[in-house]
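Visitor: Attaching a single structure in C-alpha cells format; questions to follow.
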2 protein chains.
Amino acid sequence: MNRPLKFEVEKTLTDDQGVGRARAGKVTLVGAHGQNHEIKTPIFMPVGTLGTVKAVSTRELTEMNAQIILGNTYHLYLRPGHERVERLGELHKFMGWKGPILTDSGGFQVFSLSGLNKIDDEGVTFQSHIDGSYHRFTPEHSMAIQKALGSDIVMAFDECPPYPATPEQVSRAMKRTVAWAERGLAFPLKPHQARFGIVQGGLYEELRSQSAKEITSLPYDGYAIGGLSIGETPDLMQKMAYYTAPLLPTDKPRYLMGVGRPEDLVEGVRAGIDMFDCVMPTRNARNGQLFTSQGKINIKNAKFADDASPLDPECPCEACTLYSKAYLRHLFISGEILSARLNSIHNLTYYLRLMFGMREAIMENRFDDWVKSFYSKLNTQNSQ
Amino acid sequence: MNRPLKFEVEKTLTDDQGVGRARAGKVTLVGAHGQNHEIKTPIFMPVGTLGTVKAVSTRELTEMNAQIILGNTYHLYLRPGHERVERLGELHKFMGWKGPILTDSGGFQVFSLSGLNKIDDEGVTFQSHIDGSYHRFTPEHSMAIQKALGSDIVMAFDECPPYPATPEQVSRAMKRTVAWAERGLAFPLKPHQARFGIVQGGLYEELRSQSAKEITSLPYDGYAIGGLSIGETPDLMQKMAYYTAPLLPTDKPRYLMGVGRPEDLVEGVRAGIDMFDCVMPTRNARNGQLFTSQGKINIKNAKFADDASPLDPECPCEACTLYSKAYLRHLFISGEILSARLNSIHNLTYYLRLMFGMREAIMENRFDDWVKSFYSKLNTQNSQ
C-alpha cells in the first residue's frame, strides 16, 4: 500500500559529540490535496486551534516559513462542527491554508478543558467548555472527526492522565491508549491522511518503555510522545523526553506534543525529536511576552517607553523591521489588536527560526557550538 | 511663501446634471518627509486613532490603496504622548506609515469623550477618559501637539457644540472657533504641515453662513465642515452639508468631518465634498457589520453558517478572495482576532473602492448613472 507519509533522515548526530542524538530529516506528505508537501525537520508547528493561528493570517504564516500547522479536533468539533467544515471543503480550504495540517485527537482537551468527564474503556463522555452540553468521544469518533476535517496527519485518540498520577492510574491510561490506538487504526481515513500513534506512560520509565514497545508495534506513520508538559518541572519533562525518544523507531518522525519553551525545543532536538507544537509563542505574544535572540522581553515594561530600537535586531519579521520597542509597547498598553498581531508574528518567527537554525547547525556539523551559543545568550539574559 | 499643500480640481459637475456639484481633484502635499504625496479626491481617510488603524497593518492599508489616514490628537496626547512620538521620529515613523497623515485638533474628543470639561475663551480644561487626570487644551497647545506629531494636515482647534443646542450656544461656539482659528494660524508649524480651518454653526443656516464667511477669510489650505454627524438625523446632516459646501472656496479641498455611512459619503460627494473620515467601517467591522456591493450584512447571522460564497463577489480584498461567509461567521462567533482583521480590511476596502468608483464616474461623466445604481442596490437590500 502507498503510504501517505514518507520520512527520510538526512543526518543524525551521536551522543559522543556532546549534542545528544539530534537529527535533521524530511517528511513528505504524499498526494495531500493534489500536491506533495515537504517538511524539513526539526520543525515547530504553530497551533491553529479554531481554524486560525490566533491573530495571524495564513499569508503571514507562509511568509514566516511555517511548514505545517496544527488544528484542534475538540475545538473544531464544537465550533463550527467537523461536518460543517467538511461540507465547506475541509479544513485547508475553510481556513485558506495550502500547507499541511496536523490535527490532534481531541483527547488532551477533553481531559484538560471540558467540565466533568467520565472515562471508560469505550471512550470519554464530557461537557463542552462553551455551553456545558454533553458529548462523547470514542477512538472511532475522533478518527471520524479528523477524517471530516481532512487533515494531513491524524493523531490517535489517547488518554492523557493528569500530573501527578499514581503508577496504577498511569498504567491503566497507557493500556487504554494502546487499545484505542488499535481501534483507531481500524477506522478508514481519506487516502491522503497519515496517522501518528501516541506513547503515554507519565513520568514512569518502565511504563514509557512498555507503552513505546506496544504503540510502535502498530503500523503508524509516526510516533508522538504525549502526556508531558502538563505540570511537571521542565527538568523532569526533558529527562522523560530524552528517555523515551530512542524507544521510537529511527525511520519514522518523532513528535513531542505540547512542548514548549525555546530551551525545551533545544533539549527535545538533542533527544532526537523531529516535531513540536505549543501555544506558548502565540499565547505569550498576546500577553506581551516576547522571545528574542537576546532573551525574553516583557514589552509592557516601562523601560521600553522611549526605546527606539527594534525588538530583535536579528529578526526579519514585520514587528522587528518596521517598528520600535516603544511602538510595540504603546500598542500593548493601549490594547490595540495590532499588538497581538505583531507580537504573535514575532514570537512565531522566533520559534521557526530557532528550529531552522538548529536544522542548519545539525546539517553543517556545528550543532554543538550552536547549543553552547544558545545557552550562553540565555544565561546572560537570565543573570541580567 | 511656498504652500505645503496644492489643490487642483480636475472636474466639477453641475446641479443641472442632477448629480449635485460633485468634483474630482488632486491634493498634492509638497515636500512632506522628502517626497510629494498625491491624494486623488474624493477620498475616504481611515481613522488611526492611537497610531494604528484598528486591527489593520500599514502594509494592508497600502494594499487597499488608502491614500491618507487620520490620527487623533487627543488620544495620542494621552497615550503615548506627543513629545514621545516626536522623540521617536514623529507619527509617520512611529507607526510605520509612509503616506500622508491628517491629525484632528483634539477638540471633538475633548467635548465628547473626556469627563467634565470647562470651556472658556482661552481653551478647554478636561479630564482624561483613561485615568481622570486634568489637562488643558488651547488653540496653541493643539497646534503644538500636532506639530510634534508631524502630521501633514493639521486641523484648527474648534469648539463643537453638542446636538441639540440653542442658537445662542451654537453662535458662541462658532465665534470662539473663529477666534481660535486666528490664534492657531499664528502658531508656527513645521514647513511640511498644511492647515485646515473648520466651519461650525450647528444646524442653523445663518450661523453656518457666518462661520463659513469668517473662517474662509483666513488663509487656510483647506476647509472642513465640523459639528455634523453628532446625533442629528442623516437627512438633516446631508442637508446642512449640501448647504455649507458651496460656501467654501472652490479652489481648496473641502472636508466633511466624521461622516459617515456609505450613502452619506455619496451625498457628501454630490454636495461637492472632497475628503471624509469616519470610524464606522472599522468599528462596525469589529461588531460584525459588513458593507458589501449587495448591501449591509451582519456576519453573525445564523444563515451564513453554511454559506460557502464570498462575502462580496465584487471585492478584491483578502476576506472576500480567500474565505467564505461561513468562515468569517465562524471567526466572529469564536471571538478570533482574525475576525476583526478580515472584517476591518473588508469594510475599509469597500469604503475606499466606493470613493474610487465615484471619482472614476465623475471623471467619465457617468456619475448620474453611478448614483442611480448605488441607490438601486441599496434599496433592494433595504426592502429584503
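Visitor: Please find, within the range A:106-116, the residue that is farthest from the other protein chains (Cβ to nearest Cβ) out of those that are surrounded by fewer than 16 Cβ atoms within 10 Å (Cβ to Cβ) and in contact with a strand residue (DSSP E or B) (Cβ under 8 Å, 6 or more places away or on another chain).
Guide: A:Leu116
Visitor: Got a number for residues in the range B:142-197 being over 17 Å from B:Lys213 (Cα atoms), buried (at least 22 other Cβ atoms within 10 Å of the Cβ) and of a type in the set (Phe, Trp, Tyr)?
Guide: Selection size over the range B:142-197: 1.
Visitor: Among the residues that make up the range A:249-261, is at least one of them polar (S, T, N, Q), surrounded by fewer than 18 Cβ atoms within 10 Å (Cβ to Cβ) and closer than 27 Å to A:Gly222 by Cα? Walk me through how you get there before you give the answer.
Guide: We begin by selecting, within the range A:249-261, every residue polar (S, T, N, Q); these are A:250.
The next check asks that each one be surrounded by fewer than 18 Cβ atoms within 10 Å (Cβ to Cβ); those that pass are A:250.
When the remaining residues are screened for being closer than 27 Å to A:Gly222 by Cα, the result is A:250.
Checked the range A:249-261: at least one residue is polar (S, T, N, Q), surrounded by fewer than 18 Cβ atoms within 10 Å (Cβ to Cβ) and closer than 27 Å to A:Gly222 by Cα.
Visitor: Residue under question is A:Gly272, and the condition is that it be within 19 Å of A:Val47 (Cα to Cα) and assigned by TED's automatic domain parsing to the domain that holds A:Ile198; does it hold?
Guide: Details: within 19 Å of A:Val47 (Cα to Cα): no; assigned by TED's automatic domain parsing to the domain that holds A:Ile198: yes.
So A:Gly272 fails the test.
Visitor: A further question follows. Do we find a residue being in contact with a Pro (Cβ under 6 Å, 6 or more places away or on another chain), in the same structural domain as B:Glu232 (by TED's automatic domain parsing) and under 13 Å from B:Ala156 (Cβ atoms) anywhere in the range B:194-206?
Guide: yes
Yes or no, residue by residue, for (1) of a type in the set (Gly, Ala, Ser); (2) surrounded by 20 or more Cβ atoms within 10 Å (Cβ to Cβ):
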| residue | (1), (2) |
| --- | --- |
| A:Asn298 | no, no |
| A:Ala302 | yes, no |
| A:Cys317 | no, yes |
| A:Ile333 | no, no |
| A:Leu338 | no, yes |
| A:Asn347 | no, yes |
| A:Tyr351 | no, yes |
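Visitor: Which numbered condition trips up B:Glu8, out of (1) touching a residue at least 24 places away in the same chain (Cβ under 8 Å); (2) touching a Gly at 6+ places or on another chain (Cβ under 8 Å)?
Guide: (1)
Visitor: Which of the residues spanning the range B:60-105 are away from every other protein chain (no Cβ under 14 Å) and out of contact with any Leu (no Cβ under 9 Å at 6 or more places or on another chain)?
Guide: B:Ser105 - this is the single residue of the range B:60-105 that is away from every other protein chain (no Cβ under 14 Å) and out of contact with any Leu (no Cβ under 9 Å at 6 or more places or on another chain).
Visitor: What's the number of the condition A:Glu214 fails, among (1) under 28 Å from A:Leu61 (Cα atoms); (2) acidic (Asp, Glu); (3) in contact with a helix residue (DSSP H, G or I) (Cβ under 9 Å, 6 or more places away or on another chain); (4) buried (at least 18 other Cβ atoms within 10 Å of the Cβ)?
Guide: (1)
Visitor: So the check is Cβ under 9 Å with 6+ separation or different chains; which pairs have a first residue in the range A:163-188 that's on the phi < 0 side of the Ramachandran plot and a second one that's in a helix (DSSP H, G or I) and modelled with pLDDT under 95?
Guide: Going by the 9 Å Cβ cut-off, the qualifying pairs are A:Thr177/A:Gly107; A:Trp180/A:Gly107.
Visitor: Does A:Val56 satisfy the criteria of being surrounded by fewer than 23 Cβ atoms within 10 Å (Cβ to Cβ) and either over 30 Å from A:Phe332 (Cα atoms) or touching a Pro at 6+ places or on another chain (Cβ under 8 Å) (or both)? Give the steps one after another, and end with the answer.
Guide: On the way: surrounded by fewer than 23 Cβ atoms within 10 Å (Cβ to Cβ): no; either over 30 Å from A:Phe332 (Cα atoms) or touching a Pro at 6+ places or on another chain (Cβ under 8 Å) (or both): yes.
For A:Val56, the condition - surrounded by fewer than 23 Cβ atoms within 10 Å (Cβ to Cβ) and either over 30 Å from A:Phe332 (Cα atoms) or touching a Pro at 6+ places or on another chain (Cβ under 8 Å) (or both) - is not met.
Visitor: If you take the residues in the range B:45-59 that are more than 9 Å from chain A (Cβ to nearest Cβ) and among the aliphatic types (A, V, I, L, M), which one is nearest to the chain's Cα centre (by Cα)?
Guide: That would be B:Met45.
Visitor: Assess whether A:Asp277 counts as being within 25 Å of A:Gly20 (Cβ to Cβ) and touching a residue at least 12 places away in the same chain (Cβ under 8 Å).
Guide: yes
Visitor: OK, next. Kindly evaluate A:Asn298 against the criterion of being among the polar types (S, T, N, Q) and under 23 Å from the mean Cα position of the chain (by Cα).
Guide: Working: among the polar types (S, T, N, Q): yes; under 23 Å from the mean Cα position of the chain (by Cα): no.
The answer is no for A:Asn298.
Visitor: Being in a helix (DSSP H, G or I) and out of contact with any Phe, Trp or Tyr (no Cβ under 9 Å at 6 or more places or on another chain) is the filter here; which residues of the range A:211-235 pass it?
Guide: Here is the first cut: in the range A:211-235, the ones in a helix (DSSP H, G or I) are A:211-216, A:234-235.
Result: A:Ser211, A:Lys213, A:Glu214, A:Pro234, A:Asp235.
Visitor: So which of A:Ala22, A:Ala66, A:Ala55 is closer than 25 Å to A:Lys147 by Cβ and among the aliphatic types (A, V, I, L, M)?
Guide: Values: A:Ala22 fails: closer than 25 Å to A:Lys147 by Cβ; A:Ala55 fails: closer than 25 Å to A:Lys147 by Cβ.
Only one candidate qualifies: A:Ala66.
Visitor: Which residue pairs have Cβ atoms closer than 9 Å, lie 6 or more positions apart in sequence or on different chains, and pair a first residue in the range A:35-55 that is on the phi > 0 side of the Ramachandran plot and not assigned by TED's automatic domain parsing to the domain that holds A:Thr103 with a second residue that is surrounded by fewer than 22 Cβ atoms within 10 Å (Cβ to Cβ) and part of a loop (DSSP other than H, G, I, E, B)?
Guide: Hits for this filter: A:Gly51/A:Arg79; A:Gly51/B:Ser334; A:Gly51/B:Glu336; A:Ala55/B:Glu336.
Visitor: Going through A:Ile101, A:Ile68 one at a time, which residue ends up being among the hydrophobic types (A, V, I, L, M, F, W, C) and in contact with a helix residue (DSSP H, G or I) (Cβ under 7 Å, 6 or more places away or on another chain)? Can you show your working first?
Guide: Values: A:Ile68 fails: in contact with a helix residue (DSSP H, G or I) (Cβ under 7 Å, 6 or more places away or on another chain).
When all the criteria are applied, what remains is A:Ile101.
Visitor: Still on this structure, please answer the following. So which of B:Gly260, B:Gly268 is in a loop (DSSP other than H, G, I, E, B) and in contact with a Pro (Cβ under 9 Å, 6 or more places away or on another chain)? Talk me through it step by step, then tell me what you get.
Guide: Working: B:Gly268 fails: in a loop (DSSP other than H, G, I, E, B).
Matching residue, one of B:Gly260, B:Gly268: B:Gly260.
Visitor: Still on this model: Might you check whether a residue that is at pLDDT 95 or above, of a type in the set (A, V, I, L, M, F, W, C) and within 17 Å of B:Val154 (Cβ to Cβ) occurs anywhere in the range B:265-284? Steps first, please.
Guide: Taking the range B:265-284 and keeping what is at pLDDT 95 or above, we get B:265-284.
Subset that is of a type in the set (A, V, I, L, M, F, W, C): B:265-266, B:269, B:271, B:273, B:275-276, B:278-280.
Restricting the remaining residues to those that are within 17 Å of B:Val154 (Cβ to Cβ) gives B:275.
Yes; the residues of the range B:265-284 include at least one that is at pLDDT 95 or above, of a type in the set (A, V, I, L, M, F, W, C) and within 17 Å of B:Val154 (Cβ to Cβ).
Visitor: Ok, one more. Which of the residues spanning the range A:363-377 are touching a Lys or Arg at 6+ places or on another chain (Cβ under 9 Å) and surrounded by fewer than 24 Cβ atoms within 10 Å (Cβ to Cβ)?
Guide: Keep residues of the range A:363-377 that are touching a Lys or Arg at 6+ places or on another chain (Cβ under 9 Å), which gives A:363, A:365, A:367, A:371.
Within the range A:363-377, A:Met363, A:Asn365, A:Val371 qualify.
The values are calculated or read from the model by the stated rules, or taken from the named source; none is laboratory data. Source: prediction; values computed, not measured. Here Cβ is always computed from backbone atoms with ideal geometry, including for glycine, and neighbour counts include all displayed protein chains.
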